Amino acid sequence: MKPTYRTLVVISLALGLVSTGLISCDKTIEEPQRVGYAPADVDASAGTWKTYILTSPASVTVASPSATSSADYQAELTELRSKSTSLTPEQQEAVVYWGAGAVYRWNEIARELAARYNVPPASNADGKYPIPDAANPLADPKFPFANPPYTARALAYMSVAQYDALVAAWNYKYAFKRLAPSKVDATIRVALPVSALPAYPSEDAVVAAASAVVLKAMFPGEVAFIDAKVAEHRNSRQWAGMNVTSDLTAGADLGMQVGAKVMARARADGMSTSNNQTLTAGMIEAAKSRGQADIWLSQESPARPPMLPNYGAVSTWNFDRATLVKLRPGPAPQPGTEQFIKELDELKAIQKNQTREQARIANYWADGAGSYTPPGHWHRTAADAAHEAKFSEVRMARTLALVGTTLQDASVCCWETKFYYYTPRPQQFGLKTSVGVPNFPSYASGHSTFSAAAAIVLGTVFPNRADEFWAKAVEASDSRMYGLIHFRSDCSVGLECGKKIGSYAVLRGKADGSGL
Amino acid sequence: MRLTLPIAVFLLSFFVNSPTHAQGLVDGFMRGQRKASLAVSYSQESYDSYYTGKTEIRNPNLGTVFTQSLNLYGTYGLGYDLDLIVSAPYVRTEASAGYWQKQEGFQDLSAALRWEAFDYKIGSARLSWLFAVGYSLPLQNYVIDAPVAIGHGSRNLDGRTLLHFKSGAFFLTGQLGYIRRGQVTLDRVVNYYDPDNLNPNSSSTVNVPDVIDAVIRGGVATKHFYIDGWVQQQRPYNKGTDIAPGIPFPTNAIGFTRTGISVYLPLIKKFGLNGGYSTTLNGQNSGKATRLSGGIVIGI
């Protein structure tokens with residue numbers, strides 16, 4: 001070939017390679033954005049549904065709204081028209097974002113906070129692990145360490161506050177029957193679907209305020225972040241032409257009242273003593289006296305005190321203390337027994353030949369440090385399912401409250417069991433892991449307990465997806481064996497307990513007046 | 001210094017730098033038309049401290065991370081001024097302490113075209129200007145988002161230019177490259193985004209920061225003997241994240257400055273032995289590694 005042709009060939013080869021490469025090294029990531037919808041059913045009778053903390057909607061107050069014919073309201077309409085007429089791209093973005101749903105977005109925000117705060121304190125120069133200080137939340141280590149029990153509880157309280165506040169809001173909405181601004185005045189331009197739901201008090205403002213009260217208490221270092229979200233949420237409702245100012249003010253007031261009542265329960269639920277490390281010596285002695293020869297030891301270097309050893313004493317939602325004791329499973333197989341050796345051998349075989357698919361499942365469900373934990377994972381699953389089913393705000397809140405409370409019940413039961421038996425992790429018998437070793441006793445598996453409880457509740461709320469949710473729970477449970485940090489008994493017993501725990505939330509759900 | 005960073009064992013993550021590219025896939029020496037060489041080499045790399053961001057730390061829950069690799073490296077002269085270079089490593093990596101599983105498998109297949117675009121004579125010396133474009137992709141779906149991993153799983157496009165000066169036995173090569181890295185899919189859903197992360201969406205797909213790569217290499221090359229010394233610096237082009245809990249390993253900004261030597265001894269006609277040593281001067285979200293390698297080169 002002549003040199004010029006060669007040069008051409010070389011250049012075209014190189015160009016071909018570059019363009020192929022650029023296509024496969026593409027940097028754009030396209031994700032479908034969740035958007036708003038008109039609910040499949042506005043649940044007009046939700047004002048009578050059974051609440052968790054409120055004794056009745058009348059235990060909170062909402063001022064009577066001015067009539068839509070009044071001068072006050074007309075002035076509000078004028079203000080709304082000016083705010084919603086032309087939007088900047090940022091305002092449009094906020095409208096779409098919040099339009100996906102108030103409960104949906106606040107659940108997502110809470111999960112993100114949990115993930116950001118799920119950071120185990122590092123050891124200091126003396127080989128000790130400093131304890132996060134609620135009075136100084138942004139110091140190192142940050143408060144809280146949003147581990148699975150902490151996150152289960154924070155999300156449960158927020159979901160309960162949202163639900164109770166929305167039930168009260170629905171009650172007042174149908175008492176006052178104030179129309180949506182665009183139905184009063186057709187010239188109001190709306191950016192989101194408008195349902196038949198009365199507008200006063202605004203369900204969005206109710207959810208934002210109730211969520212903010214709980215989240216500020218749970219994540220005291222994030223007050224400014226949460227306030228900014230509340231303000232954006234509130235503004236987005238006006239940019240979208242959905243609410244006049246008095247709808248929003250009344251909603252915020254109602255949400256705050258309910259939030260305060262819910263947090264009063266939280267302050268007295270026993271969480272303050274959940275990290276009482278002085279109890280562990282007694283717990284170990286008690287476990288030994290029941291025949292547990294090998295006890296759990298921290299696998300970290302330096303050894304880290306166990307995660308919230310007294311969390312098992314925290315209040316549950318859907319059953320009482322006596323039931324909790326009955327729900328506790330019998331003891332785990334003892335090291336040296338035939339059953340134990342069989343289960344250890346099973347893990348050794350997985351370690352030897354772990355498939356890529358097993359590793360993927362272990363990683364998918366790991367939800368370890370820096371994640372929103374397994375309770376967060378199940379909240380996400382629940383919120384997505386409710387969104388796909390086009391649930392009204394109050395029905396979505398009910399779903400998340402049922403799932404959230406059962407997840408906290410599961411965390412309390414599971415922790416009580418773990419520190420009752422104090423059993424060792426497989427790593428104390430020479431196994432490695434692909435997902436990191438949780439710093440607390442092995443039996444029973446938290447993932448299995450959480451997942452079964454949530455799947456049972458979701459299977460009742462979404463009966464046509466029950467098999468799918470249960471399959472996920474089983475996969476989450478198996479993932480802990482694939483990850484080599486739980487024995488089969490930990491997992492199968494965890495699933496069984498979780499099922500029973502979930503059934504208590506299901507009983508409550510069936511009797512809450514929602515008609516499901 | 002003990003652990004002063006907000007980390008626990010779960011979070012210690014590194015991108016294990018591709019051992020075969022620790023000194024660059026491409027050098028300044030053209031193969032020659034229809035000539036080929038095949039090298040089989042073994043290397044081992046270890047570090048007991050690593051950089052979180054640019055801060056050097058040790059981790060008692062990881063100990064020493066030890067990586068071995070077996071690499072096949074072939075070159076073929078498609079023309080007097082055009083070479084094809086191919087490499088494929090098998091890598092095994094494990095930590096001496098803690099509880100993380102070892103990882104092993106075929107890493108990335110790389111291929112590059114090297115073109116000697118210009119060739120100047122300066123007295124008895126020669127200066128050549130070369131261009132290379134390369135592409136690499138994972139040979140298998142290895143684990144990418146773990147403290148102990150064999151690679152970060154992206155498909156990469158590598159473009160670089162080289163100036164190669166040779167006078168008698170002495171030579172000096174400078175090269176500058178840009179490596180564009182494609183997005184990767186994690187085994188999990190990312191739970192939150194660091195502001196420096198490249199993807200603000202909540203899913204399993206994340207971007208991997210591109211890097212700029214510079215290498216200076218000089219030494220003596222004769223019929224009977226070859227020795228060189230080199231310095232390589234890699235810097236993230238996009239900002240990227242730092243090692244932290246919940247942050248996907250592949251989105252971390254990786255950088256390092258390494259230096260090393262390599263030797264080649266022809267034994268009989270078509271066979272020779274090569275060897276090398278390198279160490280890390282500084283880094284960013286990578287291990288402070290030292291590396292030893294040795295292998296057989298067959299000329300065809």
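Each reported figure results from applying straightforward, stated rules to the coordinates on display, with no laboratory input. Just so it is clear, the structure is predicted and the values come from calculations on it, not from any experiment. Glycine also receives a Cβ, built like all others from the backbone with ideal geometry; neighbour counts cover every protein chain displayed.
Calculate the mean, over all residues of peptide A:355-361, of how many other protein chain Cβ atoms lie within 10 angstrom of the residue's Cβ. If you can, show how the numbers build up before the last one.
Working: counts 0, 6, 1, 0, 7, 5, 1.
Rounded to a whole number, the mean comes out at 3.
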Set of the range B:212-245 residues, backbone N closer than 11 Å to the point 7 Å along the Cα-Cβ line of B:L281:
B:216, B:230-234
Derived scalar couplings ³J(HN,Hα) [the range B:150-159; Karplus, 6.51 cos²θ - 1.76 cosθ + 1.60; whole Hz; x for Gly, Pro]
9, x, 10, x, 8, 8, 10, 10, 10, x
Among A:G502, B:T205, A:V206, which residue has its Cα positioned farthest towards the positive end of the charge dipole of the protein assembly as shown, with +1 placed on the Cβ of Lys and Arg, -1 on the Cβ of Asp and Glu, and the dipole taken about the Cα centre?
B:T205
Mean residue ellipticity (222 nm) of chain A, computed from DSSP H runs ≥ 4 via -39,500 (n - 2.57), nearest 500:
-19000 deg cm²/dmol
Count, for each residue of A:427-434, the Cβ atoms from other chains sitting within 10 Å of its Cβ, then give me the mean as a whole number.
3
Projected-area average for the range A:412-472 over all orientations - Cα convex hull basis, square nanometres
5.1
I'd like the orientation of helix A:488-510 relative to chain A: the angle between its Cα long axis and the longest Cα principal axis, in ° from 0 to 90, rounded to 10.
30
Got a sec to turn the phi values of the range B:269-278 into Karplus ³J(HN,Hα) couplings, 6.51 cos²θ - 1.76 cosθ + 1.60 with θ = phi - 60°, whole Hz, x for Gly and Pro?
3, 9, 10, x, 10, 10, x, x, 9, 8
What would the Debye equation give as log₁₀ I(q)/I(0) for the range B:98-178 at q = 0.11, 0.14, 0.19 Å⁻¹, counting only Cα atoms as equal point scatterers?
-0.49, -0.65, -0.83
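Within 10 Å of each Cβ in peptide B:178-191, how many partner chain Cβ atoms are there on average? Round it to a whole number, please. Provide the component values of the computation, followed by the final result.
On the way: counts 0, 1, 7, 2, 7, 6, 0, 0, 3, 10, 11, 6, 3, 14.
Neighbouring Cβ atoms belonging to other protein chains average 5 per residue here.
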In degrees, nearest ten, helix A:3-24 long axis to first principal axis of chain A (Cα):
80
Going by average Cβ neighbours within 10 Å, how do the peptides A:329-339, B:166-176 rank, with the highest at the top?
B:166-176, A:329-339
Binning every alpha carbon pair distance of the range A:277-510 at 10 Å from zero, what are the percents per bin?
8, 33, 36, 18, 4, 0
For a quick size check, give me the Cα extents of the protein assembly as shown along its three principal axes, largest first, whole Å.
98, 75, 47
If one takes the longest principal axis of the Cα atoms in chain A, at what angle in degrees, from 0 to 90 and to the nearest 10, does the Cα axis of helix A:71-85 lie?
60
For the range B:79-89, take each phi angle, set θ = phi - 60°, evaluate the Karplus expression 6.51 cos²θ - 1.76 cosθ + 1.60, and give the result in whole Hz per residue in order, putting x for glycine and proline.
x, 5, 10, 9, 10, 10, 10, 9, 8, 8, x
What percent does the relative contact order of chain B come to when contacts are Cα pairs within less than 8 Å and at least six residues apart?
19
From the C-alpha gyration tensor of chain B, pull out the three semi-axes of the equivalent ellipsoid (sqrt of 5λ each), sorted largest to smallest, in whole Å.
35, 20, 17
Holding the Cα-Cα limit at 20 Å, pick out from B:K35/B:K270; A:K352/B:K288; A:K83/A:K177; A:K432/B:K54; A:K173/A:K510 the pairs that are longer than that.
A:K352/B:K288; A:K83/A:K177; A:K432/B:K54; A:K173/A:K510
